[in-house]
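Here's the structure, in structure tokens; my notes come after.
Just so you know, all these numbers are worked out from the coordinates, no wet-lab data involved. Small disclaimer: the values here were computed from a predicted structure and weren't measured. Using ideal geometry, Cβ is built from the backbone for each residue, glycine included, and neighbour counts are taken over all protein chains shown.
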Amino acid sequence: MEWQIITKNEQETQKFANYLSKFTFEGQVILLYGDLGAGKTTFTKGLAEGLNIKETINSPTFNIVKCYYKGKINLFHIDAYRLENNKQDIGLDEYIYGNGVCVIEWPNYIDYLLPKNYLAINILPLSKNKRKITLISNDTKNDEVLEEVKKYGL
């Protein structure tokens with residue numbers, strides 16, 4: 001199942017991600033695709049806010065993974081950008097298959113670790129602030145999430 005939305009600015013992107021958080025579930029894996037500066041971390045900030053996470057959310061590029069345990073459910077935020085061409089086991093499966101929602105930026109760099117079931121989100125800049133956000137589900141549980149998200153109105 002696939003669905004798209006256009007956001008006009010960073011605040012709308014975060015607001016949409018905040019709405020999506022209402023339907024996230026423990027064990028869910030969200031794959032974030034988009035070029036540098038597309039808004040992947042901005043999206044994650046909105047998701048975290050919706051999960052009632054009060055900590056500052058920033059890109060885990062140099063840490064690879066950041067964990068947030070003080071929300072409605074745990075949030076594991078992975079940035080795989082620096083893992084291109086690295087096939088070593090560095091323990092990311094603990095987070096990908098962990099007891100929370102796992103958001104992965106640059107998932108194509110760790111495709112060998114990804115589960116069969118996920119929600120893929122592609123963020124495409126249309127202008128300086130405008131984004132086309134495409135959500136793609138490949139399983140029943142994430143299809144249910146998309147059915148709820150389709151009800152969203154900016």
Express the relative contact order of the stretch 64-129 as a whole percentage, based on alpha carbon pairs under 8 Å and six or more residues apart in sequence. 31 percent
Computed from these coordinates, which is Cα extents along the principal axes in Å: (1) 42, 31, 31; (2) 63, 40, 29; (3) 38, 36, 29? (1)
Tell me the angle of helix 40-50 to the major Cα principal axis of the chain, expressed in degrees between 0 and 90 and rounded to the nearest ten. 80 degrees
On C-alpha positions alone, give me the angle between the axis of helix 140-149 and the longest principal axis of the chain, in degrees, nearest 10. 40 degrees
Bridge type composition, the chain - antiparallel percent by DSSP, nearest 5: 55 percent
Per-residue ellipticity at 222 nm attributable to helices in the chain (runs of n ≥ 4 DSSP H, -39500 (n - 2.57) apiece, nearest 500 deg cm²/dmol) works out to -7000 deg cm²/dmol
Taking every other residue with Cβ under 10 Å from the Cβ of Glu12 and scoring Lys and Arg +1, Asp and Glu -1, one gets +3
Partners for Lys130 among lysines (Cα-Cα distance below 24 Å; same-chain residues under 8 apart left out): Lys8, Lys15, Lys22, Lys40, Lys45, Lys150, Lys151
Given charges at Cβ of Lys, Arg, Asp, Glu: the chain dipole, positive-most of Leu83, Asn142, Tyr152: Tyr152
